[in-house]
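Heads up: the structure comes next, in structure tokens.
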């Protein structure tokens, strides 16, 4: 068995990375914990293991560690780039029943606005806050916005929005532009309309 590629090491590492991504998606970390702590820390550990394997002239361990490092960076790139969609899917798959109950409990809006609740958000002091709402759309009209992937004004939503993510039929995560909020007494849709 000496000199063979260690697939178990790579499989274990990949599983651990995916679990770490999922945990970060479920936490209220906005991906910052993963980006600023997990990526540098795991990269340093894997680079240390790689250097140790090269110094000891363990070719199979070197290849397994290098493969894991490359796979980790690839998965991390995808996770950071698709964080919004991954986070929404993870939260929705675990707690959709709770969220649906909370939204459907609301009375119908006389102005025709869609039922919604705060779903997610992030921001920094001085830079502004970005808000995401969970929206129930009984006619599924927001499907067109998902397919077009174009920002714009949508029926039943008071402001133009940059991104809409479909969670399932009639349920959407709708991201507003920074510093725009839905339903506050003096909400302002800014210059994006």
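Laboratory data are not the source of any read-out in this text; all were calculated from the coordinates shown. Since the model is a prediction, treat every value here as computed from it, not as a measurement. Neighbour counts are summed over all protein chains in view; Cβ atoms, including those assigned to glycine, are modelled from backbone coordinates with ideal geometry.
Annotations
- Helical content of the chain, expressed as a calculated mean residue ellipticity at 222 nm, amounts to -15500 deg cm²/dmol (DSSP H runs of 4 or more residues, -39,500 (n - 2.57) each, divided by residue number, nearest 500).
- Translational diffusion coefficient (Stokes-Einstein; Kirkwood radius from C-alpha pairs) of the range 7-81 at 37 °C, 0.692 mPa s, in µm²/s: 257 µm²/s
- Nearest-ten-degree value, helix 7-26 long axis tilted from longest Cα axis of the chain: 20 degrees
- Short-range pairs are left out: with C-alpha atoms under 8 Å and at least six residues apart, the relative contact order of the chain is 15 percent.
- Peptides 140-151, 111-122 ranked from most to least packed by the mean count of surrounding Cβ atoms within 10 Å: 111-122, 140-151.
- A Stokes-Einstein calculation at 37 °C with viscosity 0.692 mPa s, built on the Kirkwood radius of the chain over Cα pairs, returns a diffusion coefficient of 171 µm²/s.
- Enclosed volume per residue, in Å³, of the convex hull spanned by Cα atoms of the range 96-175: 104 Å³
- Relative contact order of the range 7-81, defined on C-alpha pairs under 8 angstrom at six or more residues apart (%): 42 percent
- Helix axis angle, 59-81 relative to the chain longest principal axis, alpha carbon, degrees: 10 degrees
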